[in-house]
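Following this message is one structure expressed as structure tokens.
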Amino acid sequence: MNVHVPGLEQTPSEAEARAALETLRRFADGASGEARARVEAAATGLLPAASYPELSRDYPEGFRADADYKAGLPDLQNGPSSLIVGAKAPIQHVGISNFRLPIRYHTRDNGDLTLETSVTGSVSLEAEKKGINMSRIMRSFYAHAERTFSADVVRAALEDYKADLESFDARIMMRFSFPVKVESLRSGLHGYQYYDIAMEVVDRAGVRQTFMHLDYVYSSTCPCSLELSEHARATRGQLATPHSQRSVARISVQVLPGKKLWFEDLIDLCRAAVPTETQVMVKREDEQAFAELNAANPIFVEDAARSFCAQLDADPRIGDFRVLASHQESLHSHDAVSVLTRGETFDSDSLDPKLFATLFHVG
């Protein structure tokens, strides 16, 4: 005798199939590897293989993705933890780098500037989460990019994508080339000096910090070479020239809460520490003046680091800081380098193996 259960032979609806699939996903998310493998093996071949379909090769100009269609799109990055590849370990920062867009910046003296800006945005990722949607970082930043730049705008963008991505820690860094008009030493000519600057806002465990990074390019005349050259002149009447070279210092500072530190302020601090900044517009009288300026300020790489330190220490707006200096010597085929840190923020027992290779100014 055959027993017929009402509805048993009815074809399940798509909604019922999707509900069954969701049940399988929940099972896979919490099941052991062996149990998951057995179920996957049983499910293999469940759906008969279809013959290769005739697919359209024309781009559907008129197609519009409505809400239902978008809701059905796969989203592996927000999938269950069973999809995690490798160790289920937290990731301190994951996001995007070198996302570029024009940003308007306030300047201390000349109003606003619009500059091409490279954005790095990252958030922390918990061990049980598969990943993040990278585009949310860009969308969050674009929501604020039309406003005049300030640290508050960066903080607002950071708060948005930290909330969107349900993350505990987040970071935004914006890099740009900042122009400042400078006057030559004696001729009265003017030209634009460009400074590589980065603004960084970090939110970690609910504590928010703001940092500024600046690459300052200067000439360094070796004090030892200067003395030896003068000795040759004085004792033997021998013409000799001391060696000097283009040098780069990367100054990284923590801007204390409630304080305003302009980009130009940090540049001025560097000029006060090491006044032999490379020149833009130069006539003969300027070149002579620059030679005299270098002779008046001979400097080893150790001297440079400590001179920057003295200026940064004296500014009440600045907390922890780091000074990286590289004198790219004309005497040797290697560079002279130094690292000086103040406070725990930049203190590190290990350095990026290629850190000093990035301290290179391309004219």
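The values are calculated or read from the model by the stated rules, or taken from the named source; none is laboratory data. What you are looking at is a predicted structure, and each value in this text was computed from that prediction instead of being measured. Using ideal geometry, Cβ is built from the backbone for each residue, glycine included, and neighbour counts are taken over all protein chains shown. Accessible surface areas use protein heavy atoms only, side chains included; no ligands, DNA or RNA. Shrake-Rupley method; radii C 1.70, N 1.55, O 1.52, S 1.80 Å.
Just name the residue that is nearest to the chain's Cα centre (by Cα) out of those in the stretch 59-74 that are modelled with pLDDT of 85 or more and open to solvent by 100 Å² or more (accessible area, probe 1.4 Å).
Once the filter is applied, the top-ranked residue is LYS70.
May I pose another question? Could you please give the count of residues in the stretch 75-116 that are of a type in the set (Asp, Glu), modelled with pLDDT under 85 and open to solvent by 90 Å² or more (accessible area, probe 1.4 Å)?
1
Let me ask something else about it. State which residue is farthest from PHE141 (Cα to Cα) when the search covers only the stretch 104-122 and only residues that are assigned to a strand (DSSP E or B) and of a type in the set (S, T, N, Q).
Across the stretch 104-122, the extreme among qualifying residues is THR114.
Here's another thing I want to ask about it. Residues ALA289, ALA304: which one is surrounded by fewer than 20 Cβ atoms within 10 Å (Cβ to Cβ) and hydrophobic (A, V, I, L, M, F, W, C)?
Among ALA289, ALA304, only ALA289 is surrounded by fewer than 20 Cβ atoms within 10 Å (Cβ to Cβ) and hydrophobic (A, V, I, L, M, F, W, C).
From the list SER177, SER187, which one is at pLDDT 80 or above, assigned to a strand (DSSP E or B) and within 24 Å of PHE290 (Cβ to Cβ)?
After ruling out the rest, the residue left standing is SER177.
Could you please tell me which pairs satisfy a Cβ distance under 9 Å, a separation of 6+ or placement on different chains, a first residue in the stretch 67-93 that is in contact (Cβ under 8 Å) with a residue 40 or more places away in the chain and farther than 15 Å from SER32 by Cα, and a second residue that is open to solvent by 100 Å² or more (accessible area, probe 1.4 Å) and of a type in the set (Lys, Arg)?
Qualifying pairs under 9 Å: GLY79/ARG25.
Go through the stretch 146-162 and count every residue that is modelled with pLDDT under 75, touching a helix residue (DSSP H, G or I) at 6+ places or on another chain (Cβ under 8 Å) and open to solvent by less than 40 Å² (accessible area, probe 1.4 Å).
2
Just a yes or no: is a residue in the stretch 200-215 more than 30 Å from PRO316 (Cα to Cα) and assigned to a loop (DSSP other than H, G, I, E, B)?
No, that holds for no residue.
Being open to solvent by less than 20 Å² (accessible area, probe 1.4 Å), under 27 Å from VAL282 (Cα atoms) and either modelled with pLDDT of 95 or more or not polar (S, T, N, Q) (or both), is that true of even one residue in the stretch 200-213?
Within the stretch 200-213 (the criterion being open to solvent by less than 20 Å² (accessible area, probe 1.4 Å), under 27 Å from VAL282 (Cα atoms) and either modelled with pLDDT of 95 or more or not polar (S, T, N, Q) (or both)), the answer is no, since none of the residues qualifies.
Cβ-Cβ below 7 Å, separation at least six or inter-chain, first residue in the stretch 247-276 and within 13 Å of ALA314 (Cβ to Cβ), second open to solvent by 20 Å² or more (accessible area, probe 1.4 Å) and hydrophobic (A, V, I, L, M, F, W, C): which pairs?
Within 7 Å, the pairs are ALA273/ALA310.
Follow-up question, since we're still on this one. Say we look at the stretch 163-172 and pick out the residues that are over 10 Å from ILE137 (Cβ atoms) and within 18 Å of the chain's Cα centre (by Cα); which of these is surrounded by the most Cβ atoms within 10 Å (Cβ to Cβ)?
My answer is ARG171.
Follow-up question, since we're still on this one. How many residues are among the charged types (D, E, K, R) and open to solvent by less than 70 Å² (accessible area, probe 1.4 Å) if we restrict to the stretch 117-129?
Residues flagged as among the charged types (D, E, K, R) and open to solvent by less than 70 Å² (accessible area, probe 1.4 Å) within the stretch 117-129 amount to 1.
Moving to a separate point now. Of (1) within 30 Å of ILE84 (Cα to Cα); (2) open to solvent by 50 Å² or more (accessible area, probe 1.4 Å); (3) modelled with pLDDT under 75, MET134 satisfies all except one. Which?
All conditions are met except number (3).
What about PHE290, is it under 12 Å from SER247 (Cβ atoms) and not in a strand (DSSP E or B)?
Considered against the rule, which asks whether it is under 12 Å from SER247 (Cβ atoms) and not in a strand (DSSP E or B), PHE290 comes out as no.
Working only within the stretch 233-280, note down all residues that are in a helix (DSSP H, G or I), open to solvent by 30 Å² or more (accessible area, probe 1.4 Å) and small (Gly, Ala, Ser).
ALA234, ALA272
Can you tell me how many residues in the stretch 78-103 are in a strand (DSSP E or B) and touching a helix residue (DSSP H, G or I) at 6+ places or on another chain (Cβ under 9 Å)?
The qualifying residues number 7.
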